[in-house]
Amino acid sequence: MTHTAAIVEIAGRDSVAAAVAAVREQGFRTLVPTIGFTGTETGDKQAPYRAVSRLRNLLADEAQVLDPVALSDPALWSAMNARPLAEVLKRYGVCSPCLACHLYLHLLRVPLAWSHGNAPVISGERDSHDGSVKLSQTPASIDAATRVLAYAGIELLSPIRSATSAQIEALVGPEWRPGERQLDCQLAGNYVALDGSPLYDEAGYSRYLAEFFEPVGRAIVDAYRAERDGGPASDFTAIVRSVLER
């Protein structure tokens, strides 16, 4: 199925670059920008809205950028990223909430994508940030999140996965430097050692993705489907617990 509209995950520079790249590569004519909130944001709350304005200017002659939609679900964030941390640490040797937080941000867009005819979701995820490793954005975790959204019938597009900062600069302009004009997070840097290197068990991380990350994502999609079909509101803590008890 060919889509003319897409959902855009708006955060900072990378997300705007991804939206520009997706329009130019796939010909989307309408973009629905979405701003996902976790409850851990710090800084200028208007920054994502200005990013939408920047996107609108960049694509003025190429696509219509609609008004942004704000999304959040504190109960879902807590169930995926806070409540299970002790158990996740014991099993997998990793406990960073950043890992499932990015999956949470993708999942927030699923009901909206369904309501727009299973529109694709455009993400600014990158395999590497010019050599810097982010546990929330590794090739394995991006692949896993892509499979979770595919389970929901939604294509997760990551058009700048392999882009360098220079290539992103070419999409958004040289005046927007990395890390500028975006919200920060209170939990930033929680998985790095004193020298700034990521501190985690690689084998445990792989098991975490296979045994927790993807199964939880699919279970949340199933819960969304049940709600859409008239079922009761989801108990996300119980859903995540049921995955851990399997």
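Filtering VAL243, VAL216, VAL192, VAL221 for residues that are modelled with pLDDT under 80 and β-branched (Val, Ile, Thr) leaves a single hit, VAL192. Candidates in region 94-109 are the residues that are of a type in the set (A, V, I, L, M) and either out of contact with any helix residue (DSSP H, G or I) (no Cβ under 6 Å at 6 or more places or on another chain) or assigned to a loop (DSSP other than H, G, I, E, B) (or both); of these, the one that is nearest to THR38 (Cα to Cα) is LEU105. Taken over region 206-246, the residue count meeting the criterion of being hydroxyl-bearing (Ser, Thr, Tyr) and either outside any helix (DSSP H, G or I) or within 21 Å of SER141 (Cβ to Cβ) (or both) is 4. Would region 170-179 turn up any residue that is within 26 Å of LYS90 (Cβ to Cβ), out of contact with any helix residue (DSSP H, G or I) (no Cβ under 6 Å at 6 or more places or on another chain) and not in a loop (DSSP other than H, G, I, E, B)? Looking for residues that are within 26 Å of LYS90 (Cβ to Cβ), out of contact with any helix residue (DSSP H, G or I) (no Cβ under 6 Å at 6 or more places or on another chain) and not in a loop (DSSP other than H, G, I, E, B), one finds none in region 170-179, hence no.
Selection of region 188-210 for residues being in contact (Cβ under 8 Å) with a residue 24 or more places away in the chain and under 26 Å from GLY39 (Cβ atoms) yields ASN190, TYR191, PRO198, TYR200, TYR205, TYR208, LEU209. Scanning region 10-27 for residues that are in contact with an Asp or Glu (Cβ under 9 Å, 6 or more places away or on another chain) and touching a residue at least 40 places away in the same chain (Cβ under 8 Å) returns GLY12, ARG13, ASP14, SER15, ALA17, ALA18, ALA19, VAL20, VAL23.
Selection of region 157-191 for residues being over 13 Å from SER15 (Cα atoms) and either touching a strand residue (DSSP E or B) at 6+ places or on another chain (Cβ under 6 Å) or hydroxyl-bearing (Ser, Thr, Tyr) (or both) yields SER162, THR164, ASP184, GLN186, TYR191. A single member of ALA210, ALA150, ALA203 is modelled with pLDDT under 95, surrounded by fewer than 19 Cβ atoms within 10 Å (Cβ to Cβ) and hydrophobic (A, V, I, L, M, F, W, C), and it is ALA203. ASP143 meets each of the listed conditions (1) under 18 Å from CYS101 (Cα atoms); (2) in contact with a helix residue (DSSP H, G or I) (Cβ under 8 Å, 6 or more places away or on another chain) apart from (2). ARG13 versus (1) touching a Phe, Trp or Tyr at 6+ places or on another chain (Cβ under 7 Å); (2) more than 21 Å from PRO120 (Cα to Cα); (3) among the basic types (Lys, Arg): which is the lone unmet condition? Failing condition for ARG13: (2). Select from region 139-160 the residues that are in contact (Cβ under 8 Å) with a residue 60 or more places away in the chain and in a loop (DSSP other than H, G, I, E, B) and write down the one among them that is farthest from ALA22 (Cα to Cα). Looking at residues that are in contact (Cβ under 8 Å) with a residue 60 or more places away in the chain and in a loop (DSSP other than H, G, I, E, B), I get ALA152.
Within region 228-238, the residues that satisfy the criterion of being in contact (Cβ under 8 Å) with a residue 60 or more places away in the chain and surrounded by fewer than 18 Cβ atoms within 10 Å (Cβ to Cβ) are ARG228, THR237.
The values are calculated or read from the model by the stated rules, or taken from the named source; none is laboratory data. None of these values were measured; they are calculated from a predicted model. So basically every Cβ, Gly included, is an ideal-geometry build from the backbone, and we count neighbours across all protein chains shown.
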